[in-house]
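Engineer: The structure's right below; bear with me while I get my questions together.
The values are calculated or read from the model by the stated rules, or taken from the named source; none is laboratory data. In this text, all values refer to a predicted model and were calculated from it rather than measured experimentally. We place every Cβ from the backbone using ideal geometry, glycine too, and count neighbours over all the protein chains shown. Surface areas here come from the heavy atoms of the whole protein model, side chains and all, with no ligands, DNA or RNA. Shrake-Rupley method; radii C 1.70, N 1.55, O 1.52, S 1.80 Å.
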Amino acid sequence: MLDRLGRPDPQQIHHLRLNTLIRLRWLAIFGQSAAVLIVAYWLEFPLPVSLCFSLIALSAWLNLFLAFRYPATHRLPPHFALGILLFDALQLAGLLYMTGGLTNPFSLLMTVPVVISATSLPARSTLLLGLVVIGMASLLGFFHLQLPWFAGTELLMPFIYVAGMWMAVVSSIAFTAIYAYRVAEEARLLANALSATELILQREQHLSALDGLAAAAAHELGTPLATIALVAKEMERALGADSRFREDVVLLRSQSERCREILKRLTSLSSEGEVHMARLPFTSLIEEVTAPHRDFGIRIVLEPGQREGPEPVGRRNPGVIYGLGNLVENAVDFAKEAVVLQWHWNAARVELTVIDDGPGFPAEIIDRIGEPYMSKRPAGDSGGGLGLGLFIAKTLLERSGASVTFGNAAEPGKGAIVRVTWPHDAFLSSQRAAELTY
């Protein structure tokens with residue numbers, strides 16, 4: 001979910017599905033029960049079985065309560081999910097207390113609730129849970145029952161081993177939690193950015209479909225207007241010299257004829273524009289994406305380069321038009337005086353380069369430009385400062401078969417360069433598709 005500024009909605013992205021936690025807990029209950037049974041009855045190590053199964057039963061009871069209390073699709077608010085994960089951490093700490101503390105090899109499982117939190121909850125909640133688990137691990141290093149071992153013997157672990165296990169738990173929590181959080185956050189941002197891209201593309205496709213809708217409206221309205229005109233004509237003939245309603249009937253007939261003329265022009269424009277709307281020469285594409293940005297005090301200079309062979313003509317693609325328009329808009333926003341568009345084509349490729357004379361891309365983010373929410377523009381800027389625009393433009397252009405590269409002029413601080421390159425065959429295949437479709 002995105003808010004009105006295009007940013008991920010924090011009220012939605014951190015809502016963990018309850019059914020996920022329930023299934024994970026059933027898996028943990030099964031594993032804990034199997035471990036207790038194997039240690040107590042197969043290895044025959046002395047173990048407080050009743051106390052262990054009491055804690056396991058408590059976890060199972062909570063699972064059943066949540067499963068019957070809420071539907072499977074219920075999503076938990078962050079504080080609710082944090083409470084459940086805290087319970088899981090405390091339940092596991094209780095089992096470890098009765099089975100050797102940090103000397104128990106299963107003590108590394110204390111990292112699991114923190115990793116789950118890192119993938120689905122806010123960073124603050126994960127930090128709180130991580131500190132609680134580290135505190136419990138520290139206590140288990142000193143306070144715990146003996147590690148179950150053969151009857152009549154006692155397995156004593158040196159302190160350095162316990163300290164090593166504590167360090168392993170803490171480092172695992174820190175590393176895995178940070179790694180899981182970064183991966184999950186990038187996945188969330190990418191998913192939201194792709195959703196925004198789909199919305200933009202859908203809007204552009206709707207705009208491109210307006211011509212067809214106008215033709216359909218003209219076709220549908222033609223029949224009732226013809227009926228109205230016919231009835232008005234018959235009424236005018238029936239009234240004869242009667243002046244009471246003659247003026248109204250004449251006006252009704254003239255207005256119906258006017259409506260028919262308007263619809264006829266709409267139909268004519270649609271039929272004449274179908275080929276134009278379907279096929280777009282490369283130079284016309286450039287003119288279309290630059291025209292809306294010529295009145296902002298920045299000169300837009302068109303510099304055609306080497307052109308070998310006939311001009312490539314492709315099928316009109318709303319995504320390409322929006323993507324190139326966004327690149328030109330960004331160049332105009334950051335340019336000081338002028339934006340230059342250079343293009344050329346040959347038998348191998350079709351290329352368009354957008355150059356501005358602004359400050360250029362910052363060196364620290366130039367390798368990451370095109371990723372969602374990667375921007376150095378202030379968040380209060382009218383452009384939003386989210387980096388979504390370039391991501392959407394790059395995504396839409398790459399869908400058309402183009403490759404997009406970002407760079408700066410050779411002289412530092414002398415402007416940004418964005419180069420869009422298509423294989424020439426991409427335009428030819430679009431031409432064939434247009435011929436088959438239209």
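Engineer: Taking 0.36 nm per residue of separation and subtracting the Cα-Cα distance, what length does fully extending Ser138 through Thr176 add?
Structural biologist: Once the chain is fully extended between Ser138 and Thr176, it gains 11.8 nm.
Engineer: What nm value, rounded to one decimal, do you get for the distance between Arg307 and Thr20 when each label is placed 7 Å out toward the C-beta?
Structural biologist: It works out to 5.3 nm between the two label points.
Engineer: Go through 89-96, 332-339 and give me the packing order, highest mean Cβ count within 10 Å leading.
Structural biologist: Highest-to-lowest ranking by the protection proxy: 89-96, 332-339.
Engineer: Quick one: what are the phi-derived ³J(HN,Hα) couplings along the stretch 357-362, Karplus 6.51/-1.76/1.60 with θ = phi - 60°, whole Hz, x for glycine and proline?
Structural biologist: With coefficients 6.51, -1.76 and 1.60, one gets 9, x, x, x, 7, x Hz.
Engineer: Quick one: ranking Trp345, Trp26 by accessible area, 1.4 Å probe, largest first, what do you get?
Structural biologist: These residues rank, largest area first, as Trp26, Trp345.
Engineer: Per residue, how large is the accessible surface of the stretch 98-177? Use a 1.4 angstrom probe and give square angstrom.
Structural biologist: With all protein chains present, the stretch 98-177 gives 52 Å² per residue.
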